[in-house]
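A short write-up of the structure that comes next.
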Amino acid sequence: MRGDARRPLAPATPEHRDGAPFLPYARQTIEADDIAAVAKALGGESITTGPEVDAFEDALAGAVGARHAVVVSNGTAALHAACFAAGVGPGDEVVVPAVTFLATASCALHLGAEPVFADVDPDTGRVTAEAVAARCSRTTRAVLPVHLAGVPVELGEIHAAAQRAGARVVEDAAHALGARMPAGAVGCCAESELAIFSFHAIKHITTGEGGAITTNDPEIARRLRLFRNHGMEREADRLETPSPGPWYYEQQCLGHNLRMTSFQAALGLSQLTKLERFVARRRALAARYDAALAEIAPVAPVVPAGMADSCAYHLYPVLIPFDELGIPRGRVMEALRRRGIGTQVHYIPLPMQPEYRRRGWRIEDFPGATRYYERTLSLPMFPSMDDAEVDRVVDSLTSVLREGR
Ligand SMILES: *Cc1c(COP(=O)(O)O)cnc(C)c1O
């Protein structure tokens, strides 16, 4: 192995005009010791469901301050398992923010339930407690707030609204590993029943594909583990009929194969030791962006400076009034791309998707989501970015907006 375990292994990226490598909006940080950990696990006895999986679960639970962590094959699977464990089933409603990734709502449909969209704040894109409360009813089984970009939602108020409706809160914390709330780290479940994380390549830590659910409730943890492995139970004291022998197992519910491999868990364990360093670097990059962008009049960071210490900055979204400036967002994105800079939009509001339009949803009923979506653009943000790259993004954005006018 190479000497400096912390040296990021730069993936080969196409060179751009001025010889600078293309800067994507997000990228994984894989270091030499991560690769060594994976190689070691691949040489182990069980390359799936091995001791690395238990170790990763223990470390993750410890890192966020929850009693249980259950790792699964990806964040989408984590949402599916979490909703199952929360009791979501046919005929139920699940409250989901109008602005989030597709997976937050799909899990309800997969369980025969209906997602019910709640509007978001036009300036932060986060779902508000008022919007959640307005959507909760007797048929609501779960509420899935999203800590968009890594800024925690007002979880206490959302939890209170859910409890009044007899519903459980499943935090979609895919953007928020390393973020903090007054009640503790995101994922500690002090003000929710469950939280889910994603370890997709561009999330805070990665296992390639991977996900996890945290909870403090042992019965919920048991249901998560059943769902992850075909609904199969082998523990003698949990069987519904007495065991006739050591081969015996029962299918106690309908589940899936959502298991994680041992080498992915080994990667996750290695990455988790770097979480604080990664998040600190994201915050430092955000501070540099904040300062530089204060000079560009029509560009405002989505994350208020006052929240910088609690935010995990999965993304660095800014608001630009493209309509008022008369510059289409697509043109800005293309001009930045020509300068070797990748950007993205998070997210197209779910009520705009054909799947939900067919189910009767109309974007006109979501003024907050509409206003946020019109103006948002995510700029490059990942731990191996350097300060000069932040400056390059801000300089390019300044020129592109100036030339566009
Ligand atoms: C990434 C993400 C997911 C899904 O995670 P995968 O690991 O990609 O399946 C769910 N919700 C949000 C908000 C995400 O960003």
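The values are calculated or read from the model by the stated rules, or taken from the named source; none is laboratory data. Note that the structure is predicted; figures quoted are calculated from it, not measured. All Cβ positions, glycine included, derive from the backbone under ideal geometry; neighbour counts span all protein chains shown. Only protein heavy atoms, including side chains, enter the accessible area calculation; ligands, DNA and RNA are left aside. Shrake-Rupley method; radii C 1.70, N 1.55, O 1.52, S 1.80 Å.
Remarks
To keep it simple, each residue is scored yes or no on (1) touching a residue at least 40 places away in the same chain (Cβ under 8 Å); (2) hydroxyl-bearing (Ser, Thr, Tyr); (3) in contact with a Ser or Thr (Cβ under 6 Å, 6 or more places away or on another chain).
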| residue | (1), (2), (3) |
| --- | --- |
| Val38 | yes, no, no |
| Phe84 | yes, no, no |
| Ala113 | no, no, no |
| Thr124 | yes, yes, no |
| Ala129 | no, no, no |
| Ala134 | no, no, no |
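- Checklist (1) outside any loop (DSSP other than H, G, I, E, B); (2) over 26 Å from Glu364 (Cα atoms) applied to Ser106, failing item: (2)
- Within the stretch 341-400, the residues that satisfy the criterion of being of a type in the set (Asp, Glu), open to solvent by 60 Å² or more (accessible area, probe 1.4 Å) and over 17 Å from Tyr313 (Cβ atoms) are Glu355, Glu364, Asp365, Glu374, Asp395.
- Residue check for Ile205: open to solvent by less than 10 Å² (accessible area, probe 1.4 Å), within 15 Å of the ligand (Cβ to nearest atom), over 19 Å from Val127 (Cα atoms) and modelled with pLDDT of 95 or more: yes
- Count of the stretch 119-145 residues which are within 16 Å of the ligand (Cβ to nearest atom), assigned to a strand (DSSP E or B) and farther than 13 Å from Tyr372 by Cβ: 2
- Pairs meeting the criteria (first residue in the stretch 310-335 and in contact (Cβ under 8 Å) with a residue 40 or more places away in the chain and open to solvent by 40 Å² or more (accessible area, probe 1.4 Å), second residue assigned to a loop (DSSP other than H, G, I, E, B) and polar (S, T, N, Q), beta carbons under 8 Å, at least 6 apart or on different chains) are Met333/Thr343.
- For beta carbons closer than 8 Å, sequence separation of 6+ or different chains, a first residue in the stretch 292-307 that is of a type in the set (Asp, Glu) and a second that is outside any helix (DSSP H, G or I) and surrounded by fewer than 16 Cβ atoms within 10 Å (Cβ to Cβ), there are no qualifying pairs.
- Subset of the stretch 94-118 (residues that are open to solvent by 40 Å² or more (accessible area, probe 1.4 Å) and within 10 Å of the ligand (Cβ to nearest atom)): Phe101, Leu102
- The residues on offer are Ala236, Ala212, Ala221, Ala179, and the sole one that is open to solvent by 10 Å² or more (accessible area, probe 1.4 Å) and either among the aliphatic types (A, V, I, L, M) or closer than 21 Å to Ala66 by Cα (or both) is Ala236.
- Any hit, the stretch 341-350, residues being away from the ligand (no atom under 16 Å from the Cβ) and farther than 27 Å from Gln28 by Cα: no
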